[in-house]
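Single-structure report; data block below.
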2 protein chains.
Amino acid sequence: MDVYTNVKNICDKAREASRSLGKKSGGERNLALLKMAEAILNAKDEIIEANKKDLENARSSGMKESMQDRLMLNEGRIKEIAKAIVKIADLKDPIGTGDIFTRPNGLEIHKTTVPLGVVAMIYEARPNVTPDAASLCVKSGNAVILRGGKEAINSNKCIVAAIRKALLECGFDENCVTLIEDTTRESSSALMQMRGGVDVLIPRGGKGLISSVVENAKVPVIETGAGNCHLYVDRSADIDMALKVAINAKCSRPSVCNAIETILVHGAVAEEFLQRFYTATRDYSLELRGCPLCCDILPGIGEATEEDYNTEYDDYIVSLKVVGSVYEAVEHIRKYSTGHSESIITEDHRSADYFTSSIDSCSLYVNASTRFTDGGEFGLGAEIGISTQKLHVRGPMGLEALTTTKYVIKGDGHTR
Amino acid sequence: MDVYTNVKNICDKAREASRSLGKKSGGERNLALLKMAEAILNAKDEIIEANKKDLENARSSGMKESMQDRLMLNEGRIKEIAKAIVKIADLKDPIGTGDIFTRPNGLEIHKTTVPLGVVAMIYEARPNVTPDAASLCVKSGNAVILRGGKEAINSNKCIVAAIRKALLECGFDENCVTLIEDTTRESSSALMQMRGGVDVLIPRGGKGLISSVVENAKVPVIETGAGNCHLYVDRSADIDMALKVAINAKCSRPSVCNAIETILVHGAVAEEFLQRFYTATRDYSLELRGCPLCCDILPGIGEATEEDYNTEYDDYIVSLKVVGSVYEAVEHIRKYSTGHSESIITEDHRSADYFTSSIDSCSLYVNASTRFTDGGEFGLGAEIGISTQKLHVRGPMGLEALTTTKYVIKGDGHTR
């Protein structure tokens with residue numbers, strides 16, 4: 001069977017499964033989640049064994065240590081996975097909430113949340129995305145098609161086998177969760193073309209993966225991830241606070257999308273802030289790249305180019321720029337931002353208001369670190385990713401993002 | 001200047017305009033709408049003059065009479081346009097609504113609706129879409145780029161000139177509303193490629209236009225329109241009601257997307273329903289095409305092919321099929337529906353429940369005509385179109401569909 005037909009068959013079976021899943025009650029779906037968690041715990045030895053194969057392949061193909069760590073599963077991590085599934089079962093059911101309203105002509109309109117139907121995910125080498133996506137989708141009544149990376153294929157097969165067994169045991173269609181075992185480029189490309197077969201495709205991973213999906217998909221996509229985030233230190237800033245937030249936003253976890261890449265600082269406080277920031281970040285071996293004014297204040301640091309301001313480093317590097325006003329800071333951010341998260345440190349509420357009302361990003365912070373842009377931190381309970389688009393959902397995506405609306409209208413022979 | 005650069009410049013100016021528009025209060029935006037309505041009334045002689053040119057071109061190029069009627073503007077229609085704008089001003093402001101919640105760590109999260117930014121519309125020969133789209137966008141704080149068809153270009157230019165004059169007069173950036181005067185295929189194609197320049201593109205018009213936009217656009221699109229809608233007459237149906245609803249759903253306005261294209265009828269009531277339907281619809285010169293069982297009951301009608309069941313006629317033609325059960329009706333609808341609107345006529349609540357819970361369409365009716373799928377009928381006040389997609393908005397789109405969410409998060413030096 002060719003790759004396209006294979007993927008098409010998987011989509012058809014997932015559609016069928018989504019129909020029976022859509023009729024399960026919230027209680028039944030939660031029970032299935034608990035069974036899935038149990039099945040993963042019970043299969044821990046097989047999963048660790050399979051994961052060892054993936055790790056061996058990773059080592060022999062020269063994968064970076066930090067990537068190998070993301071790939072690795074041990075007993076502790078498997079317990080964490082099971083715990084996360086139980087936590088998802090505990091969340092409020094996103095399905096079946098809604099309004100009923102009666103129109104003046106007597107028509108009764110029921111507006112209700114329903115599952116999207118068939119959700120597909122394309123991701124890379126992190127096997128924990130597999131149980132995570134599967135449980136979020138089962139919770140929200142969606143069938144899911146998983147296309148993980150080849151690096152984690154043995155782990156993924158083993159995890160999905162355990163999940164499907166659990167689904168069968170509690171009377172669910174096992175095709176509610178399907179792994180595409182073909183990890184060639186052709187299989188993800190087929191998935192991207194499956195109009196009518198896939199209701200939404202969510203890419204999770206690096207920039208290359210996401211932009212390839214956004215550019216090539218014919219099915220609806222939720223774009224996630226890109227974060228060229230900024231911190232602006234206003235002239236009225238509390239400099240101690242600015243330093244604390246800047247270091248947290250840059251250095252606590254530089255590889256994630258809500259970390260900052262550029263710090264803009266008002267000329268009136270530039271000297272104090274930059275010198276103290278330079279000293280304070282030496283422990284992190286943070287590389288600083290600045291505008292000419294920054295380089296005057298901190299001789300010896302590199303110069304920031306136009307390309308630097310456009311770059312999401314995801315690393316221990318930061319661009320710096322001295323600006324003359326909050327207006328100039330806003331101009332800079334408008335030009336270079338990817339619309340994710342930006343923060344202002346200020347004691348002046350007019351600067352804060354101008355900043356938050358003038359920038360068209362998803363999350364705008366006043367006197368806080370951009371690192372809080374996260375489903376858990378926002379209180380959504382679970383997160384499928386962070387949407388950087390404006391349609392459907394913006395920012396951290398909870399279970400609600402996996403639903404759509406249906407109208408059921410009851411009449412008594414009403415005609416128009 | 002080449003077409004792409006021209007469209008890019010228009011997008012850049014619209015972005016700039018959207019920024020100042022986004023800061024206007026609801027009251028200021030409503031005032032601008034009233035001025036726009038007034039300006040259109042004041043310019044009625046010029047608009048009618050310009051429209052005459054369009055009508056002459058239409059006649060000499062042999063446009064269908066019904067299309068010519070849609071293109072035509074007279075004093076009465078211009079008054080209707082102005083009245084519709086005033087009605088939009090009266091609607092609730094969709095911007096700035098939201099929640100504030102405080103997290104356990106003290107972070108204060110404000111979640112607010114904000115405009116999408118720059119909205120683009122591609123449409124055909126109906127000049128009334130121009131003031132309609134312009135006023136919905138100004139109401140919701142969005143700049144709009146209008147790419148109407150060449151058939152209405154003179155009318156559109158004149159209407160947009162009046163609107164821009166009104167915007168300027170009340171201190172708005174005139175580029176809040178811009179018409180792309182180039183009506184070549186290249187200009188709409190350029191608009192579809194404008195990633196970052198256009199936040200959403202809404203096609204309004206025939207199937208050809210919509211599928212071309214959905215297939216080719218690189219910018220986010222809201223798909224509207226396609227409606228292969230069904231009516232199912234259950235064995236328990238009140239046949240008088242079934243006839244009344246069937247005739248309304250098919251014949252009251254066959255050219256619109258919420259009209260039905262196929263009637264499915266349970267075998268137990270097929271003979272009575274079909275014979276009475278045949279008699280009752282002779283006044284409409286409705287063409288009937290049926291399955292072999294239908295042709296037995298109504299000798300002389302045409303046979304319905306697979307292609308018929310797949311076709312949105314938008315005309316005085318209907319496909320008929322006798323089915324053995326509500327299950328078979330649901331199977332048929334699942335196979336052929338475009339997910340718009342379907343109706344069941346039944347006195348049996350189990351059939352009604354099975355029908356409404358098993359079909360994945362936007363609007364499911366029990367004992368009512370599909371013709372009610374409409375923003376006005378649903379009480380949304382205004383309608384930008386009917387979304388046939390699942391992401392962002394499904395079904396009739398009100399002003400809310402032109403908004404997205406922004407988070408403003410206030411802390412006191414919070415770090416994670």
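The values are calculated or read from the model by the stated rules, or taken from the named source; none is laboratory data. Since this is a predicted model, take the numbers as computed values, not measurements. Cβ coordinates were reconstructed from backbone atoms using ideal geometry, including for glycine residues, and neighbour counts include every protein chain displayed.
Please work out if residue B:376 is closer than 29 Å to residue A:201 by Cβ and not charged (D, E, K, R). Against the criterion (closer than 29 Å to residue A:201 by Cβ and not charged (D, E, K, R)), residue B:376 does not qualify.
Among the residues of segment B:327-375, those identified as among the aliphatic types (A, V, I, L, M) and in contact with an Asp or Glu (Cβ under 7 Å, 6 or more places away or on another chain) are B:333, B:344, B:345, B:359, B:364. The requirement of being closer than 17 Å to residue B:391 by Cα and in a loop (DSSP other than H, G, I, E, B) is fulfilled nowhere in segment B:231-249; no residue meets it. Each residue in segment B:219-264 was checked for being crowded, with 22+ Cβ neighbours inside 10 Å and of a type in the set (Asp, Glu), and 2 of them qualify. Tallying residues that are of a type in the set (Lys, Arg) and farther than 29 Å from residue A:221 by Cα within segment A:348-385 yields 1. Considering only residues in segment B:189-214 that are of a type in the set (S, T, N, Q) and over 19 Å from the mean Cα position of the chain (by Cα), the one that is farthest from the other protein chains (Cβ to nearest Cβ) turns out to be B:189. If only residues of segment A:391-409 that are touching a residue at least 40 places away in the same chain (Cβ under 8 Å) and facing chain B (nearest Cβ under 7 Å) are counted, the one that is nearest to residue A:144 (Cα to Cα) is A:404.
Counting only residues that are touching a helix residue (DSSP H, G or I) at 6+ places or on another chain (Cβ under 9 Å) and without any contact (Cβ under 8 Å) to a residue 60 or more places away in the chain, which one in segment A:374-390 is farthest from the other protein chains (Cβ to nearest Cβ)? Restricting to residues being touching a helix residue (DSSP H, G or I) at 6+ places or on another chain (Cβ under 9 Å) and without any contact (Cβ under 8 Å) to a residue 60 or more places away in the chain, the top hit is A:383. In segment A:70-93, the condition of being hydrophobic (A, V, I, L, M, F, W, C) and either at positive phi or over 26 Å from the mean Cα position of the chain (by Cα) (or both) is met by no residue. Where residues in segment B:229-261 are touching a Phe, Trp or Tyr at 6+ places or on another chain (Cβ under 6 Å) and not aliphatic (A, V, I, L, M), which of them is farthest from residue B:337 (Cα to Cα)? Of everything passing the filter in segment B:229-261, B:251 is farthest from residue B:337 (Cα to Cα).
Checking each residue in segment A:250-274 for being part of a helix (DSSP H, G or I) and in contact with a helix residue (DSSP H, G or I) (Cβ under 9 Å, 6 or more places away or on another chain) picks out A:250, A:251, A:267, A:269, A:270, A:271, A:272, A:273, A:274.
The set of residues in segment B:237-269 that are within 14 Å of chain A (Cβ to nearest Cβ) and polar (S, T, N, Q) comprises B:248, B:252, B:258.
Condition (residue is assigned to a helix (DSSP H, G or I) and either farther than 25 Å from residue A:187 by Cα or aromatic (Phe, Trp, Tyr) (or both)) applied to segment A:4-14: is it met by at least one residue? Yes: one or more hits. Considered as a group, the residues in segment B:88-142 that are among the acidic types (Asp, Glu) and under 17 Å from residue B:376 (Cβ atoms) include one that is modelled with the highest pLDDT, and that residue is B:90. Tell me the residue from B:313, B:327, B:336 that is in contact with a Phe, Trp or Tyr (Cβ under 6 Å, 6 or more places away or on another chain) and surrounded by fewer than 22 Cβ atoms within 10 Å (Cβ to Cβ), please. Step by step, each of B:313, B:327, B:336 is checked, and only B:336 is in contact with a Phe, Trp or Tyr (Cβ under 6 Å, 6 or more places away or on another chain) and surrounded by fewer than 22 Cβ atoms within 10 Å (Cβ to Cβ).
When only residues in segment A:323-368 that are over 18 Å from the mean Cα position of the chain (by Cα), within 15 Å of residue B:408 (Cβ to Cβ) and among the small types (Gly, Ala, Ser) count, which is nearest to the other protein chains (Cβ to nearest Cβ)? By that ranking, first place goes to A:368.
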